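Visitor: Below you will find the structure I want to go over with you.
Derivation of every value follows stated rules applied to the coordinates shown; laboratory data play no part. Keep in mind it's a predicted model, so treat the numbers as computed, not measured. Ideal geometry is used to build each Cβ from the backbone, glycine not excepted, and the neighbour counts take in all protein chains shown.
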Amino acid sequence: MLAQLKRAFGLVKPYLRWIILGATLFFVASALRQNWQDVRSLRLRESGWTWLSLGLGVTLLAHIWTGWVWSLILQELGQATARRWAVRVYLTTNIAKYLPGNVWHLYGRVVAAKQAGVSASAATLSVLLEPLLMVAAALVIALTNARQNWPIQLFFLVLVLAAIHPRVLNPLLKLARRVKGQAPDQTSNPLQVRRYPLFPLLGEIGFVGLRGLGFLLTGWALAEFGLEQVPSLISAFSLAWVMGLVIPGAPGGIGVFEATALALLTPQFPTSLVLGSIALYRAISLLAELIGAGLASLAGRKWR
């Protein structure tokens with residue numbers, strides 16, 4: 001029985017990404033079809049363009065901020081890199097996450113880091129640690145106002161926090177060197193995680209918080225939310241965002257984020273408003289990433 005399940009999974013695995021993408025897009029499209037008349041009636045508030053501009057600015061700041069956090073991760077791994085260089089590389093490679101495969105932004109950072117003198121092992125570990133820290137940060141924020149399934153969220157948070165502990169990472173790094181056939185005396189200074197990456201984790205909490213604020217400001221362009229609704233909005237956004245990060249759906253979390261946000265927010269807000277907000281935020285997010293990549297490319301060597 002186990003062998004049959006394994007064989008069946010092997011047949012489905014190459015298409016799993018597209019199955020998830022199709023299912024999430026179908027869910028969003030179905031909700032859009034059922035609420036199309038209400039969505040069409042949505043209009044920006046009188047100050048809507050101001051709120052959209054603020055949402056764009058905060059979202060762009062979030063991407064700049066997380067580029068700086070990446071430099072902190074490299075620093076924790078004993079690699080001295082310029083903050084401006086890290087931000088420039090991060091912004092210019094970030095847009096590549098929308099390419100098929102959803103790994104080219106990570107590959108670009110590893111290549112750029114190696115060219116800047118960062119060891120290959122440290123560069124690779126930095127781009128593996130970053131999403132783990134983002135997941136932990138998003139779960140921390142989501143749990144601040146979790147109403148359902150909080151034990152599951154807490155379990156995964158504890159699991160991720162334990163996974164990034166040096167007592168877990170360093171044995172894994174040692175095992176990886178052995179698997180690669182690297183004898184202990186071949187590396188005079190093997191890569192080690194010296195301490196718990198607390199400051200990068202706090203930095204990623206700031207990143208997810210800024211992304212949530214950008215979403216809130218974008219939604220405010222359509223409707224004014226009460227202050228008592230803000231915690232639940234930020235919590236739901238964080239959970240939806242992390243689902244888009246970890247589930248192997250479309251590149252950049254397209255479809256997964258929208259479907260999760262729709263499922264989490266529709267019990268509290270009108271479906272048409274949620275659909276309009278997530279559509280606007282997807283556009284704002286893409287625009288912020290394009291602006292960030294463009295500005296970083298123009299800066300070029302001046303940011304080294």
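Visitor: Using beta carbons and a limit of 8 Å, which pairs, at least six apart or on different chains, have the first residue in the range 257-279 and within 13 Å of Gly244 (Cα to Cα) and the second one of a type in the set (Ser, Thr, Tyr)?
Guide: Glu258/Thr24; Ala259/Thr24; Leu262/Thr271
Visitor: Within the bounds of the range 130-144, is there any residue that is over 15 Å from the mean Cα position of the chain (by Cα), under 28 Å from Leu239 (Cα atoms), surrounded by fewer than 18 Cβ atoms within 10 Å (Cβ to Cβ) and not charged (D, E, K, R)? Reasoning before the result, please.
Guide: Of the residues in the range 130-144, the ones over 15 Å from the mean Cα position of the chain (by Cα) are 143-144.
Still in the running and under 28 Å from Leu239 (Cα atoms): 143-144.
Checking which are surrounded by fewer than 18 Cβ atoms within 10 Å (Cβ to Cβ) leaves us with 143-144.
Remaining after also requiring not charged (D, E, K, R): 143-144.
Yes, there is a match, as at least one residue in the range 130-144 is over 15 Å from the mean Cα position of the chain (by Cα), under 28 Å from Leu239 (Cα atoms), surrounded by fewer than 18 Cβ atoms within 10 Å (Cβ to Cβ) and not charged (D, E, K, R).
Visitor: Does Arg147 qualify as being surrounded by fewer than 20 Cβ atoms within 10 Å (Cβ to Cβ) and in a loop (DSSP other than H, G, I, E, B)?
Guide: So Arg147 passes the test.
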